[in-house]
Structures are given as structure tokens and as C-alpha cells.
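Read-outs: derived from the displayed coordinates by stated rules, not from any lab. As the structure is a computational prediction, the values presented were derived from the model and not from experiment. In this analysis, Cβ positions are derived from the backbone assuming ideal geometry, glycine residues included, and neighbour counts consider all displayed protein chains.
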Amino acid sequence: MSIVVRIDVELARRKMSVGEFAEKVGLTPANVAVLKNGRAKAVRFSTLEAMCRVLDCQPGDLLEFVDDEAP
């Protein structure tokens with residue numbers, strides 16, 4: 001099982017740069033890159049809330065469960 005992070009898709013839809021997004025959310029661009037590339041081990045709810053607020057989306061728009069064990 002894995003969680004796929006779709007931040008890049010939402011940023012592209014809004015034509016928003018990583019730097020602009022990071023500033024609005026209150027993260028460093030390096031931390032956004034960690035999230036975007038799926039290398040994060042955890043995400044605080046407050047961070048997820050801020051990302052959803054900035055992108056005007058739902059958590060499910062940013063995170064997707066993919067069942068690696070599906071036939």
C-alpha cells in the first residue's frame with residue numbers, strides 16, 4: 001500500500017509556483033519538495049489544513065491511496 005501525493009497536480013491547475021505555495025502555507029520550499037516528492041513520513045493536520053486552504057481543495061485532492069497489492 002502507498003499514499004501518492006498530488007500537490008504538483010493542484011499547483012499546476014492553479015499555475016502556482018512551489019515558492020509561492022510554500023510562502024502562503026508557511027513552509028520552506030525544501031519542505032514542500034519533500035511533501036511533493038512523497039518522501040515525507042508524516043503530515044501535520046495543521047499543515048494539511050493550510051495546504052487545502054491555500055489551494056481551495058479537499059485533503060483527498062492532495063493525497064491518494066494506491067493499493068500496490070491489487071491484482
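The residues in the range 51-69 that are out of contact with any strand residue (DSSP E or B) (no Cβ under 7 Å at 6 or more places or on another chain), more than 14 Å from residue 13 (Cβ to Cβ) and in contact (Cβ under 8 Å) with a residue 24 or more places away in the chain can be counted, and the count is 2. The one condition from (1) on the phi > 0 side of the Ramachandran plot; (2) within 10 Å of the chain's Cα centre (by Cα) that residue 26 does not meet is (2).
What residue, among those in the range 49-64 that are under 20 Å from residue 19 (Cβ atoms) and surrounded by 11 or more Cβ atoms within 10 Å (Cβ to Cβ), is nearest to the chain's Cα centre (by Cα)?
Here the residue is 62.
Residue count for the range 1-44, restricted to those that are of a type in the set (Gly, Ala, Ser) and in contact (Cβ under 8 Å) with a residue 24 or more places away in the chain: 4. Of the helices (runs of 4 or more DSSP H) that lie entirely inside the chain, those containing 2 or more residues that are touching a Lys or Arg at 6+ places or on another chain (Cβ under 6 Å) span 7-14. For the range 10-32, filtered to residues that are among the β-branched types (Val, Ile, Thr) and farther than 14 Å from residue 56 by Cβ, the residue that is surrounded by the most Cβ atoms within 10 Å (Cβ to Cβ) is 32.
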